[in-house]
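Structure, as structure tokens:
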Amino acid sequence: MGDFQYFDIILFAMIAAFLVLRLRSVLGRRTGNERRRDLFPRRPPPISDKHGIDQVATANGVDKTIPRADSVAQPAATVAEGINRIRRADPGFDPAQFLAGARVAFEMIVTAFTKGDKAALRPLLADEVFRPFAHSIDKRVAAKETVETRDLKLDDCEIVEADVNGRTARVTVRLVSHQITVTRAMDGSIVDGDPDQPVEKTDYWTFARDTRSTNPNWMLVATNSG
């Protein structure tokens with residue numbers, strides 16, 4: 001009897017080991033070095049680039065925080081020259097791809113801020129922006145208030161300022177959005193906002209990036225509302 005029990009144990013162990021190996025082959029293993037999500041994809045550096053950049057871009061923001069981005073748009077020629085300077089420092093920079101990333105970042109940051117998800121905000125914001133965002137979330141939690149954002153629609157996203165200072169490229173985007181944002185007290189009563197009326201918002205967000213970094217993502221370093 002004991003021999004049969006010992007045989008069953010060995011058999012079950014072999015089956016379990018087989019299933020583990022199959023799962024690993026299908027799902028893969030987490031090594032801690034998984035590829036991060038790149039919000040700002042970059043084009044391959046061109047062999048030569050003798051043409052100027054005539055593109056100008058747009059984007060929108062969320063919260064009134066410090067530091068504040070400059071809300072005065074530069075002339076188109078000045079923006080184009082700023083983009084050219086960034087391209088010279090980082091040939092992989094592409095304005096259209098940058099704006100696509102800015103749109104995704106806008107939605108992610110607005111959503112995370114609304115949910116009070118500081119962990120999701122942390123990798124997207126520079127310290128000087130994260131602190132006031134986190135403070136606003138903490139105040140909301142302490143007051144037992146909740147925020148809901150619905151019907152978020154980003155209508156326009158445009159580059160209004162661009163430049164390079166040393167190794168750091170900075171791009172300011174104007175973001176025009178329509179959204180319904182309502183703040184409610186613990187009892188469900190409305191503290192701020194209209195649940196039936198979308199509001200148009202114009203925000204200016206400034207993103208920065210080390211042009212020599214292997215990380216393609218830009219961080220939000222300043223915001224302003226126009």
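Read the figures in this text as sums done on the coordinates, not as results from a lab. Remember, predicted model here, so these are calculated numbers, not experimental data. As a convention, Cβ positions derive from the backbone with ideal geometry for all residues, glycine included, and neighbour counts pool all protein chains shown.
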Being of a type in the set (S, T, N, Q) and more than 17 Å from Arg150 (Cα to Cα) is the filter here; which residues of segment 78-125 pass it? Thr78, Asn84, Gln97
Among (1) exposed (fewer than 14 other Cβ atoms within 10 Å of the Cβ); (2) part of a loop (DSSP other than H, G, I, E, B) - the single one Gly92 does not satisfy: (1)
Scan Arg122, Arg170, Arg103, Arg174 and give me the residue that is of a type in the set (D, E, K, R), under 14 Å from the mean Cα position of the chain (by Cα) and within 26 Å of Gln74 (Cβ to Cβ). Arg103
Among residues of segment 151-197, those that are small (Gly, Ala, Ser) and touching a Phe, Trp or Tyr at 6+ places or on another chain (Cβ under 9 Å), counted: 2
Looking only at segment 136-146, decide whether some residue is farther than 26 Å from Arg87 by Cα, outside any strand (DSSP E or B), under 21 Å from the mean Cα position of the chain (by Cα) and β-branched (Val, Ile, Thr). yes
Conditions (1) closer than 19 Å to Pro132 by Cβ; (2) surrounded by fewer than 17 Cβ atoms within 10 Å (Cβ to Cβ); (3) of a type outside the set (A, V, I, L, M): number failed by Thr168: (1)
Determine which member of the set Arg131, Arg122, Arg87 is touching a residue at least 24 places away in the same chain (Cβ under 8 Å), in a helix (DSSP H, G or I) and farther than 15 Å from Leu175 by Cβ. Arg87
